[in-house]
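None of the figures in this text is laboratory data; all of them are computed from the coordinates on show. Treat the numbers as computed from the prediction; the structure is a model and nothing was measured. All Cβ positions, even for glycine, are placed from backbone atoms using ideal geometry, and neighbour counts span all protein chains on display.
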């Protein structure tokens, strides 16, 4: 599970911090403690995958009050001065040079076209009257195979169906657990720790799918309901995060409402998925 990503301009820019088997890992296999992750976050070197993730790491590290996230400053490269943009004067000169150069090119093209138009045409010699031998070719009949009556799934469609089924199954398990937590929500520290990783997984599923497209027209209904359900779930996780940060129970009510709306859309997506799978015999 991705916890955070190092910001550009930091020594570990682009690397991620993950949490697997109750251990924090940096890209490349370096093992980290919760306190070290806390320090990276306090210094503003990392961007959290999810706001609730920052709260959870700070609590594990033993922090009493999580500090506000430090806004990223200007990017500096070690041993080099900050980069400066082009001066306004230089940009103006470049624009003028481009306009003049473009005018010259257009003038040359016009003169070339005029020269071709007024040039005398050369007399084209008459074609020779060389007799052409008749060639009789024996036509070979080719048989075009008829298309199969049953459509077949492309590799992209098979991958799409597999990824959707995997994420749908894991998400259903986490949502069932979250629903039980919401039914008896107390806002305790232990309850928040149990919920935050499940919330982060659901948010990551939305982040991975929201820019994808259906692999073929027959998947449009599946894709439309799937994205709508994920969007509702993402909103639900946002409300839960606010409830955990403010201890305001009204956010829990909104989270339940969006979670129910998301489940209806996911159920429609799964029904459409079964129809397409039956058509393609997947």
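Tabulated values for the structure
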{"read-out": "Gain upon complete extension [residue 43, residue 277; 0.36 nm per residue less C-alpha separation]", "value": "79.3 nm"}
{"read-out": "Two-site FRET efficiency, residue 218 against residue 172, from Cβ-Cβ distance with R₀ of 35 Å, rounded to 0.05", "value": "0.90"}
{"read-out": "14 Å cut-off, amide nitrogen to a point 7 angstrom out along residue 22 Cα→Cβ, residues in segment 171-208", "value": "194"}
{"read-out": "Ellipsoid equivalent to segment 166-282 - semi-axes via the Cα gyration tensor, in Å", "value": "30, 12, 12"}
{"read-out": "Fewest-first ranking of 19, 174, using other Cβ atoms within 10 Å as the exposure measure", "value": "174, 19"}
